[in-house]
Amino acid sequence: DQRSALMHDKFAVVDGATVWAGSLNFTFSDAYRNNNNVVEIISPRLAENYTTEFEEMYLRREFGPTSTANTPNPTVTVNGTLIENYFSPDDGVAAHILSVLRSAQSSVYFMAFSFTRTDFADALTEKAKAGVVVQGVFETRQIAAGGDAAWQALTAAGLDVRQDGNPYNLHSKVFIVDQQIVVAGSFNFSRNAENSNDENVLIIHNPDIAAAYFAEWQKVWAEAGG
């Protein structure tokens with residue numbers, strides 16, 4: 001991409017029908033050392049979205065803020081499951097995630113490699129004040145490197161958050177809302193992810209998928225300790 005900002009996507013489209021996407025970089029460490037997540041979804045309409053994004057970059061060399069806002073199917077339904085699909089910077093991803101967070105009625109659990117957005121932190125704090133269970137795990141190294149804005153805000157508000165226990169990286173970028181909705185993808189909870197980088201996010205409305213992500217969250221939470 002020849003830019004200082006990141007082409008931060010990690011996805012593949014197979015045969016115009018299957019999408020493979022998540023937080024996992026195609027590296028040894030991400031496959032075997034870091035905490036990551038990936039989903040495989042069979043949907044030609046979703047594949048059309050990712051193919052469109054790929055062609056923006058590969059054929060037209062449009063990256064970051066220069067890319068065209070042209071996601072053909074921002075919502076799709078796969079076997080009865082609603083899936084929202086957005087790309088940054090052109091689709092206003094942060095606003096869609098905020099909408100999901102503000103809709104929480106019972107719980108929000110998260111795993112975050114980089115979490116510096118204070119608007120996300122403020123939404124979580126407000127939900128906690130309203131009685132919603134909010135618990136999350138931050139990547140320790142990112143906090144140590146100065147990416148601690150959300151960590152400081154949430155701990156100051158008395159929320160139950162931890163730093164991860166993996167000696168390598170907690171690399172997931174996930175919210176689990178009401179045990180019903182999963183927000184996942186390449187999108188870190190940061191200003192650069194929203195405004196500068198090329199990113200993708202999936203918002204999956206499915207309790208079975210949420211349960212799978214919650215099981216991973218529980219492992220990460222336990223490893224983080226008290």
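The values are calculated or read from the model by the stated rules, or taken from the named source; none is laboratory data. From a predicted model like this one, the values you see are computed outputs, not experimental measurements. Positions of Cβ are generated from backbone atoms using ideal geometry, with glycine treated the same way; all protein chains shown enter the neighbour counts. Calculation scope for accessible area: heavy atoms of the full protein, side chains included, ligands and nucleic acids excluded. Shrake-Rupley method; radii C 1.70, N 1.55, O 1.52, S 1.80 Å.
Take GLU194 and decide whether it is closer than 30 Å to GLU40 by Cβ, of a type in the set (Asp, Glu), open to solvent by 20 Å² or more (accessible area, probe 1.4 Å) and touching a Ser or Thr at 6+ places or on another chain (Cβ under 7 Å).
On the way: closer than 30 Å to GLU40 by Cβ: yes; of a type in the set (Asp, Glu): yes; open to solvent by 20 Å² or more (accessible area, probe 1.4 Å): yes; touching a Ser or Thr at 6+ places or on another chain (Cβ under 7 Å): yes.
When the stated conditions are applied, GLU194 passes them.
Taking THR155 as the residue in question, decide whether it is surrounded by fewer than 17 Cβ atoms within 10 Å (Cβ to Cβ) and out of contact with any strand residue (DSSP E or B) (no Cβ under 9 Å at 6 or more places or on another chain). Spell out the reasoning first.
Details: surrounded by fewer than 17 Cβ atoms within 10 Å (Cβ to Cβ): yes; out of contact with any strand residue (DSSP E or B) (no Cβ under 9 Å at 6 or more places or on another chain): no.
No, not satisfied.
Can we say THR140 is open to solvent by 40 Å² or more (accessible area, probe 1.4 Å) and closer than 19 Å to TRP217 by Cα?
On the way: open to solvent by 40 Å² or more (accessible area, probe 1.4 Å): yes; closer than 19 Å to TRP217 by Cα: yes.
So THR140 fits the description; yes.
Looking at region 103-120, is at least one residue in a helix (DSSP H, G or I), open to solvent by 40 Å² or more (accessible area, probe 1.4 Å) and touching a strand residue (DSSP E or B) at 6+ places or on another chain (Cβ under 7 Å)? Steps first, answer last, please.
Step one: of region 103-120, the residues in a helix (DSSP H, G or I) are 118-120.
Filter once more, keeping what is open to solvent by 40 Å² or more (accessible area, probe 1.4 Å): 118-119.
Narrowing the set further to residues that are touching a strand residue (DSSP E or B) at 6+ places or on another chain (Cβ under 7 Å) leaves none.
For region 103-120, residues in a helix (DSSP H, G or I), open to solvent by 40 Å² or more (accessible area, probe 1.4 Å) and touching a strand residue (DSSP E or B) at 6+ places or on another chain (Cβ under 7 Å): absent.
Would you confirm, using the coordinates I've provided, whether LEU98 is of a type outside the set (Lys, Arg) and either part of a loop (DSSP other than H, G, I, E, B) or more than 15 Å from the chain's Cα centre (by Cα) (or both)?
Details: of a type outside the set (Lys, Arg): yes; either part of a loop (DSSP other than H, G, I, E, B) or more than 15 Å from the chain's Cα centre (by Cα) (or both): no.
No, not satisfied.
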